[in-house]
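What follows is a set of notes on a single structure, which appears directly below.
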Amino acid sequence: MSAAIASGAPLYGLVLAGGHSSRMQRDKATLEYQGESQLERTMALLDGRVTQAFVSVRAAQQADSHRSRYALIVDEQQDLGPCGGILAAQSRHPQAAWLVLACDLPFLDGHTLDHLIAARAPERPATAYRSARDGLPEPLCAIYEPASHAALLRAVQGGQRCPRKFLIGTDALLIDPPDPRALENVNTPDEFERARAMLAGGATAGSKRIAVQYYALLREQAQCSGETVRTAAGTPNELYRELNSRYRFTLPPELLRVAVNAEFADWSHPLADGDSVVFIPPVAGG
């Protein structure tokens, strides 16, 4: 609990579970990973890290059995998306800062939340992670201070509905995530099946953190030059296949070279926690 309250306002938790899940075609809050619904898992992550935790819902969801077991904050206005949920929470408890989480982050872990809470800057309107892909704020794993309420309300009244654009226009503190994959959301049935398979693999084979670097075409397709991933892959070949399901790389492994810990390695080289892996495309030209 001591990490949950930095200097400044007490830290409350808000899980956004009021969406329509139109792309998923199922309620994302009820999707199960390793026998636990995403809403249950996200609320469990907040336990011990915040003073109080709430689930953000639309008015029509108050009687839903998955949500009603928790303390609820109901949207005061309709069709405002995440901004509506944040505003309703701030109106209910204006003295609190809010650790806001989406309910569709199956790779989110306690370490990522602890890192964010430790970096919290109460004198700023918000503290958020910087996207590893485009450098922009990640608004749905972020801390919103009480001072952000007036500015967010003005933005919404002016037609703004995007919390990311709101944060771009503020003096929010942006920090790099310790594991960019922890902030990946799941929006479609295919993404759900891939995420569930990856998490199941991690549970049976043991999870490890691997630093990955991309060059040339791979960097373009991954939209980043490098990242740290949590994986159950035992070899570079397994790791590349796992990443390929995520980024849809167009280069097959046989056209690449791989290096592990700065030395060229075979695709069957065993990987260990903390290893660094580089996938090297063929050099263009003569």
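We did not get these values from a lab; they are worked out from the coordinates using the rules stated. Remember, it's a predicted structure, so these values are computed and weren't measured experimentally. No Cβ is skipped: glycine too gets one built from the backbone with ideal geometry, and neighbour counts run over all protein chains shown.
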Cα→Cβ-extended label distance, 7 Å offset, between residue 44 and residue 207, nm: 1.1 nm
Student exercise, the chain dipole from Lys, Arg, Asp, Glu Cβ charges, in Debye to nearest 20: 520 debye
Positive dipole terminus of the chain, leading residue within 212, 10, 48 (C-beta point charges): 10
Antiparallel DSSP beta bridges within the chain, percent to nearest 5: 55 percent
Kirkwood-type radius of the chain, with distances r between different C-alpha atoms, in Å: 20.1 Å
Extension gain (nm, one decimal) between residue 70 and residue 197, 0.36 nm per residue minus Cα-Cα: 42.9 nm
Inter-part distance where segment 41-87 and segment 140-155 are each reduced to a Cα centre, Å: 17 Å
Fraction of beta bridges assigned by DSSP in segment 1-147 that are antiparallel (%, nearest 5): 45 percent
Cα lying deepest toward the dipole's positive end in segment 2-177, options 71, 60, 177, charges on Cβ: 60
Karplus-derived HN-Hα couplings along segment 72-87 (A = 6.51, B = -1.76, C = 1.60, θ = phi - 60°), whole Hz, x at Gly and Pro: 10, 10, 8, 3, 7, 10, 8, 6, 9, x, x, 4, x, x, 5, 4
Among 243, 159, 146 - extreme Cα towards positive end, dipole of the chain, charges at beta-carbon: 159
In Hz, Karplus ³J(HN,Hα) per residue of segment 128-144 (6.51, -1.76, 1.60; θ = phi - 60°; x = Gly, Pro): 9, 7, 8, 4, 6, 8, 10, x, 8, x, 9, x, 10, 8, 8, 10, 9
